[in-house]
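Q: I'd like to ask some things about the structure below.
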Amino acid sequence: MAAMLAMSDEARSDLFLSAAAYLFGPLLLGVVLRIVPLTRIPGLGDLVTVLLPLATTVLVPWLLIRYRRERLLDYGLGRPSPVVAQGLLVAAPIVAASLLVTFLLAEDTTGLPVVGLARGGTVVGFLQRLASWVGLALLAVYGAVKARDAFRSDPRYLRPAVVEIARVLAVIAAIASVLLALSSTVNGGPARVVAPLVILPLAVAAAVALTYRGLTPGQLTTRAILLTPVVLLALGPFALTLNAVSFVSGIWTAALLAGIGLVVAAFVEARRSAWGPLGLALAIAAFSGL
């Protein structure tokens, strides 16, 4: 019993430390880089720019895994798995939604990362975006796995638990979308600007639905395991501000990322593999504007 309690305490401390690095790491690194301007050094600056997202998302979990002498296999990072194709499939609604939004806003398709790269966009910017999404996916995987030991709660079936959390996120996203749409129209903004506010949440909802369809009935999980990646990814873009529009916009973005976190958690619980979330992250980073 004492060993189980100690393991639970260690898992919680590791999880909280990783979350703190994600939430406060950019601020601390920004201070350090102002004192030591590494980004101004030719060559090295580009490398630092690309690696910064990984430093705030996966560096601390990786160091903790090494310190605890855990295996990457415990986090679903064994040999590349065909599950990566399922992650790519789940990302399809988000990719399609990004294309639709680009068309409706009458923008050039260079707004899509991989197309912009092919048409002369900066490689550094593309790699930074790729590192950001891969880092987020791996952080969410780490959070879901650590939550198994960190938090004790009653087991429940995976599919109903996913639906329960998805409904809450859908309500939050819908309210934020309506408020932002009203703000845009009241302030004289063009009606076409409202399109992303509706289409992108629906795309994330479709990704959750595709994930749900791939879950096997009867699988067990706990609410804490599913909620941990949801909360982790939601807290990243959220910030307290006195500006009402910025506050609601932060909630809207947080709801979308929370939906991605729910997809990752469901993948990890159903497949015990991180390759599905990695496929999802790669597709979103390369082919969407999310």
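Q: For the range 1-10, indicate whether the set of residues that are closer than 20 Å to Gly135 by Cα and not small (Gly, Ala, Ser) is non-empty.
A: Within the range 1-10, not a single residue is closer than 20 Å to Gly135 by Cα and not small (Gly, Ala, Ser).
Q: May I pose another question? Scan the range 207-240 residue by residue and report those that are over 18 Å from Ala19 (Cα atoms) and open to solvent by 60 Å² or more (accessible area, probe 1.4 Å).
A: Leu210, Tyr212, Arg213, Thr216, Pro217, Leu220, Arg223
Q: Still on this model: Please go through the range 125-155 and pick out each residue that is basic (Lys, Arg), open to solvent by 50 Å² or more (accessible area, probe 1.4 Å) and part of a helix (DSSP H, G or I).
A: Scanning the range 125-155 gives Arg129, Arg148.
Q: Inside the range 146-177, can you point out the residues that are within 18 Å of Val264 (Cα to Cα) and within 17 Å of the chain's Cα centre (by Cα)?
A: Residues satisfying the conditions are Lys146, Ala147, Val162, Ile165, Ala166, Leu169, Ala170.
Q: Please determine whether any residue of the range 148-160 is under 24 Å from Thr222 (Cβ atoms) and without any contact (Cβ under 8 Å) to a residue 24 or more places away in the chain.
A: Let us first name the residues in the range 148-160 that are under 24 Å from Thr222 (Cβ atoms), namely 148-160.
Right, trim to without any contact (Cβ under 8 Å) to a residue 24 or more places away in the chain and you get 160.
The answer is yes, given that some residue of the range 148-160 is under 24 Å from Thr222 (Cβ atoms) and without any contact (Cβ under 8 Å) to a residue 24 or more places away in the chain.
Q: On to the next question. For the range 201-233, which residues satisfy the criterion of being hydroxyl-bearing (Ser, Thr, Tyr) and closer than 12 Å to Ala265 by Cα? Write out each step before concluding.
A: Here is the first cut: in the range 201-233, the residues hydroxyl-bearing (Ser, Thr, Tyr) are 211-212, 216, 221-222, 228.
The answer is Thr211, Tyr212, Thr221, Thr222, Thr228.
Q: In the range 206-230, what residues are of a type outside the set (A, V, I, L, M, F, W, C) and not in a helix (DSSP H, G or I)? Steps first, please.
A: Start the filter on the range 206-230 by keeping residues that are of a type outside the set (A, V, I, L, M, F, W, C), which leaves 211-214, 216-219, 221-223, 228-229.
Within the range 206-230, Gly214, Thr216, Pro217, Gly218, Gln219, Thr221, Thr222 meet the criteria.
Q: Further question on the same structure: Restricting attention to the range 262-284, does a residue exist that is over 25 Å from Pro113 (Cβ atoms), open to solvent by 30 Å² or more (accessible area, probe 1.4 Å), in a helix (DSSP H, G or I) and free of Cβ contacts under 8 Å to residues at least 60 places away in the same chain?
A: No: zero hits.
Q: Another question about this same structure. Val204 - would you say it is surrounded by fewer than 23 Cβ atoms within 10 Å (Cβ to Cβ), within 30 Å of Tyr157 (Cβ to Cβ) and modelled with pLDDT of 90 or more?
A: no
Q: Given Leu139, Leu180, Leu158, which one is touching a Ser or Thr at 6+ places or on another chain (Cβ under 9 Å) and under 15 Å from Leu226 (Cβ atoms)?
A: Leu158
The values are calculated or read from the model by the stated rules, or taken from the named source; none is laboratory data. Keep in mind it's a predicted model, so treat the numbers as computed, not measured. All Cβ positions, glycine included, derive from the backbone under ideal geometry; neighbour counts span all protein chains shown. Surface accessibility is based on the protein's heavy atoms, side chains included, excluding ligands, DNA and RNA. Shrake-Rupley method; radii C 1.70, N 1.55, O 1.52, S 1.80 Å.
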